[in-house]
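First up is the structure itself, then whatever we jot down about it.
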Amino acid sequence: MSHEPARIPEWVRNAVKISTALPCGPTYVRFPRNVLYRENVRSTVFSGKAFSIPANLQADPKEIERAAKVLLEAQSPLFFVGREVTQMNARASVTKLAELLGAPVGQGQSWGCDFPNFHPLALGLMRNGLRYPKTVDCFFNIGAHFPGAERVTRGAKVIHASFDPEAIGRNTALTAGLLGNLDQTLKQLIEAVQSLGSPQQLKARAETRRAECAAFTKAVREGRLAVAKRASGEPVPWYRALAEINELAEPDAVIVPEIALDEHVLNFFPFADDAKLKIGRTTGMALGWGVGASAGVKLALPDRQVIGIQGDGSFLFGQTDSLWTMSRYHIPVLLVVLNNRSYEATRWRVMGRGTAAGKAGRDYISYLGDPDVDFTKLAAAYNIGGEVVQNTDQLRPAIQKAFRVLRDGRPYVLDIHTRTSGAGAHVSWYPKYSVAEQRKRNV
């Protein structure tokens, strides 16, 4: 490409196609400077509509009917949603079908929130186990990866709906496989379910399940919020920090989380079409993207409040460069660093699984103190304001000030000192080494 500047439109077109055509994928396009400096280059630039790929694949009607019958016969169905739901604008259809059947909905790993997470039927992020329901006789995977759900599917009839033919039936034997556009598939499935039973029968079948699930999820959410609001002290309990940010943020704020566990965000911020929006990681655990992503989200959605939530470890993965861009171009994003001086996810694995290092109280990789990083000073180097929050008395005023700065058009950083928790929470040992002490000459 370095010698063919006329091909720039072609490469841009290919990148856009890969990024926007399902199942979608990330792209990276780089133009050498010598190509951009070439003059008198002629090429054809095509309209984006010419490369818009419609996703109108229809599921097999016989499979739709089979799935509808299985769902109607199930005594304890469970839905499991993933990123394809959001990609194909199918959240409303998932919600309608879940309400029609009174089926609880678990969330798979996803960059978005694929079912309103504060809905009475929403169980939140589902991993290897499940507190509710106790048993599952029909597991309906809607556009999600299967890993993390194997225990729940044992002994249950399994339905899988996906737009990706490579995903259907790949790791799990299916009772019904629905390959096609998810939104259209779900609408067909709703019609099939309604044709197989009268409104009275459907209501009677679903009413009890809806009430039981709603009672469970309400108690869990109210209890969680009550604990968060009562939590106080120094350092700040992380759940108190998230509860306060949610309460003070705009109702349609966009949350960009790069922290160890997605459920921390899903548990305290309501995500729905008429509420907040989540844009995060998918199934990977890569670090070092959240600050730049927050800036990109604000560029795409300039009229919505954007809050990037970082762990201290993830921020230290070379993310300060993005602060320069935020400052120069006045990108008003709030960056919240939950700073507990620890890679908490790795510490849990090292200290909580009976490893030799854990038994010895030695965590070789997770402790991030010594030196203790002041993230507001990193921000100040780029002329970005910030505040260190050490206790809960400082928390709410600091968040309020941060949002005032955003309204004035500038980014802001909150360095919130948070408590460690879980296995090895108080371990600060690390393998100390000094290059200076190894010298033969003091040079």
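Only the coordinates and a few stated rules stand behind these numbers; no lab work does. Just so it is clear, the structure is predicted and the values come from calculations on it, not from any experiment. All Cβ positions, glycine included, derive from the backbone under ideal geometry; neighbour counts span all protein chains shown.
Can you give the extra length, in nm with one decimal, that the chain gains between residue 73 and residue 49 once fully stretched, where that is 0.36 nm per residue apart less the Cα-Cα distance?
4.3 nm
Only Cα pairs within less than 10 Å get springs; with that Gaussian network setup on the chain, which residue of 259, 365, 142 has the largest fluctuation?
365
Counting other beta carbons within 10 Å of each Cβ, put 279, 190, 416 in order, fewest first.
Numbers: 279 21, 190 16, 416 30.
Sorted ascending by nearby Cβ count, the order is 190, 279, 416.
Given 0.36 nm per residue, what is the gain on full extension from residue 96 to residue 437 after removing their alpha carbon distance, in nm?
Stretched fully, the residue 96-residue 437 segment lengthens by 116.1 nm.
Under a GNM of the chain (C-alpha, springs under 10 Å), which listed residue has the highest mean-square fluctuation: 117, 340, 40?
40
Quick one: if you stick a label point 7 Å off each Cα along the C-beta vector at residue 272 and residue 220, how many nm between them?
Calculated label separation equals 1.7 nm.
Pick out, in residue order, every one of the trypsin sites (Lys or Arg not before Pro) in the range 151-191 that is DSSP loop and has at most 12 other C-beta atoms within 10 Å; say none if there are none.
Details: sites: 151, 154, 157, 170, 187; in loops: 154, 170.
Filter output for the range 151-191: 154.
Quick one: 91, 396, 42, fewest Cβ neighbours within 10 Å first, how do they rank?
With the sparsest Cβ surroundings first, the list reads 42, 396, 91.
May I ask you to list the chymotrypsin sites (Phe, Trp or Tyr not before Pro) in the range 297-405 that are in a DSSP loop and have at most 12 other Cβ atoms within 10 Å of their Cβ?
Counting only loop positions with at most 12 other Cβ atoms within 10 Å, the chymotrypsin sites (Phe, Trp or Tyr not before Pro) in the range 297-405 are 329, 364.
Going by how many other Cβ atoms sit within 10 Å of their own, how do 183, 372, 312, 137 line up, fewest first?
In increasing order of surrounding Cβ atoms, one gets 372, 137, 183, 312.
If the chain between residue 325 and residue 377 were fully stretched, how many nm would it gain, using 0.36 nm times the residue separation less the Cα-Cα distance? Walk me through the numbers on the way to the answer.
Details: separation 52, 0.36 × 52 = 18.72 nm, distance 1.66 nm.
Answer, rounded to one decimal: 17.1 nm.
Quickly estimate the mean residue ellipticity at 222 nm for the chain, helices only: each DSSP H run with n ≥ 4 gives -39500 (n - 2.57), and the total goes over all residues, rounded to 500.
Values: 17 runs with 170 residues, N = 443.
It comes out at -11500 deg cm²/dmol, rounded to the nearest 500.
Given the alpha-carbon gyration tensor of the range 232-417, what are the semi-axes of its equivalent ellipsoid in whole angstrom, ordered largest first, with each equal to the square root of 5 times an eigenvalue? Can you show the working numbers first?
Details: eigenvalues 144, 64, 55 Å².
So the three semi-axes of the range 232-417 are 27, 18, 17 Å.
Scanning the chain for GluC sites (Glu not before Pro) in DSSP loops with at most 11 other Cβ atoms within 10 Å, what's the longest stretch left with none?
Within the chain, the longest run free of exposed GluC sites (Glu not before Pro) spans 167-443.
When the Karplus curve 6.51 cos²θ - 1.76 cosθ + 1.60 is applied with θ = phi - 60°, which whole-Hz ³J(HN,Hα) does each residue of the range 243-255 get, with x for Gly and Pro?
Values per residue, Gly and Pro as x: 5, 5, 4, 4, 5, 8, 6, 5, x, 10, 4, 9, 9 Hz.
With only alpha-carbon atoms in the gyration tensor, what are the semi-axes of the equivalent ellipsoid for the chain, in Å, largest first?
40, 32, 22
Would you kindly give the portion of the calculated P(r) for the range 250-359 that falls above 23 Å, as a percent of all Cα pairs? Intermediate results must be reported in sequence, preceding the final value.
Values: 1949 of 5995 pairs.
Value for the range 250-359 (Cα pairs over 23 Å): 33 percent.
Which of 18, 307, 384 moves most in a GNM of the chain, Cα contacts under 10 Å?
18
If you plug each phi of the range 189-199 into the Karplus form 6.51 cos²θ - 1.76 cosθ + 1.60 with θ = phi - 60°, what whole-Hz ³J(HN,Hα) values come out, in order, with x for Gly and Pro?
5, 4, 4, 5, 4, 5, 6, 8, x, 6, x
Taking R0 as 51 Å, what FRET efficiency do you get between residue 198 and residue 408 from their Cβ-Cβ distance, rounded to the nearest 0.05?
My answer for the efficiency is 0.30.
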